[in-house]
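The values are calculated or read from the model by the stated rules, or taken from the named source; none is laboratory data. Quick caveat: nothing in here was measured; it's all calculated off a predicted structure. With ideal geometry, Cβ positions are generated from the backbone for all residues, glycine too; neighbour counts draw on all protein chains shown.
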Amino acid sequence: MAALHAEREAGPVEFSRLKAITQATDGNLGSHLTTLEKAGYVEIAKDFVGKRPRTRASLTQVGAKAFRRHVDYLRAVVEGVDGD
Amino acid sequence: MGISRSEAASALTDIESTAGRSRLLRGYHYAAPILMLWGLIWAVGYTAMGLLATNRWGLIWLVLDIVGVVSTILLSRRGQGAARGGQTWKILAGCGAVAAFCAAVFAMFQPTSREAALAFPGLMTGLVYAGAGIAWAPRYLWIGAALFAASLVGFFVFQPWLAYWMAAAGGGALFVSGLWLRRA
């Protein structure tokens, strides 16, 4: 989510680029994306460039909003508004 | 159930690291075509230095530098969507600073050795890239090291063909580095 949020202005992000940013394995990243897609936070587009399959992901509006809310929550916890 | 303050801080740090990596990779993509362009200019310039008399070198580089700067501005504008606006001027200011430093060193020390004059800009440019690599983007350290090493090897091993060596090794190193950054 953080990677997609950081790349949101560049449009849909290729799987290989996301992998480089997140430093996750193929399987781990794929499973995260599937979960986020099911939640409606991420849109996944699959197509071909020549004969090469390409997977691209982008943050939906709902996803962007949820991410911002999550970051706000984390900041609030760190600043002592909430948490221990 | 909520999370602890340290867990939240750690999550925020992870988010910032991810955003940082994204900025770094975007910067590499943005710089890649510019580096490839300067690789070509470098190759053309040094080849011309090998072919033409010393008193023509200034004119050659003046023309090539103007072509390079204008092309850099055009390439930067094309990549503006992916990069921050101030980036172009930072790159141009960096190039200008290196050129001014080299010109000042030549003016002060008046090198009598043609080979030293050929190799020095390579060492200087290599140093600048290495510095940028140490400070911000690690890949530039390797690019700078390659350019620095190529200039030194050329000076000590290939002196009779130094201009052509600098054209092939220096220009080649910059061009290949551009390809490497594009794949980041």
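Screening region A:17-28 for residues that are out of contact with any strand residue (DSSP E or B) (no Cβ under 9 Å at 6 or more places or on another chain) and β-branched (Val, Ile, Thr) and picking the one that is nearest to the other protein chains (Cβ to nearest Cβ) gives A:Thr22.
Looking only at region A:29-57, filter to residues that are within 14 Å of another protein chain (Cβ to nearest Cβ) and farther than 26 Å from B:Gly2 by Cβ; which one of those is farthest from the chain's Cα centre (by Cα)? Here the answer is A:Leu29.
On the given criteria, is A:Arg68 more than 11 Å from the chain's Cα centre (by Cα) and more than 9 Å from chain B (Cβ to nearest Cβ)? Walk me through how you get there before you give the answer.
On the way: more than 11 Å from the chain's Cα centre (by Cα): yes; more than 9 Å from chain B (Cβ to nearest Cβ): yes.
For A:Arg68, the condition - more than 11 Å from the chain's Cα centre (by Cα) and more than 9 Å from chain B (Cβ to nearest Cβ) - is met.
Once region B:95-121 is narrowed to residues that are closer than 25 Å to B:Tyr28 by Cα and surrounded by 15 or more Cβ atoms within 10 Å (Cβ to Cβ), the residue that is modelled with the lowest pLDDT is B:Cys95.
Among residues that are more than 10 Å from chain B (Cβ to nearest Cβ), surrounded by fewer than 18 Cβ atoms within 10 Å (Cβ to Cβ), touching a residue at least 12 places away in the same chain (Cβ under 8 Å) and within 10 Å of the chain's Cα centre (by Cα), A:Glu14 is not included.
Only residues that are assigned to a helix (DSSP H, G or I) and free of Cβ contacts under 8 Å to residues at least 24 places away in the same chain: list them for region B:149-164, please.
So in region B:149-164, the residues assigned to a helix (DSSP H, G or I) come out as B:149-157, B:159-164.
Within region B:149-164, B:Ala149, B:Val153, B:Phe156, B:Val157, B:Pro160 meet the criteria.
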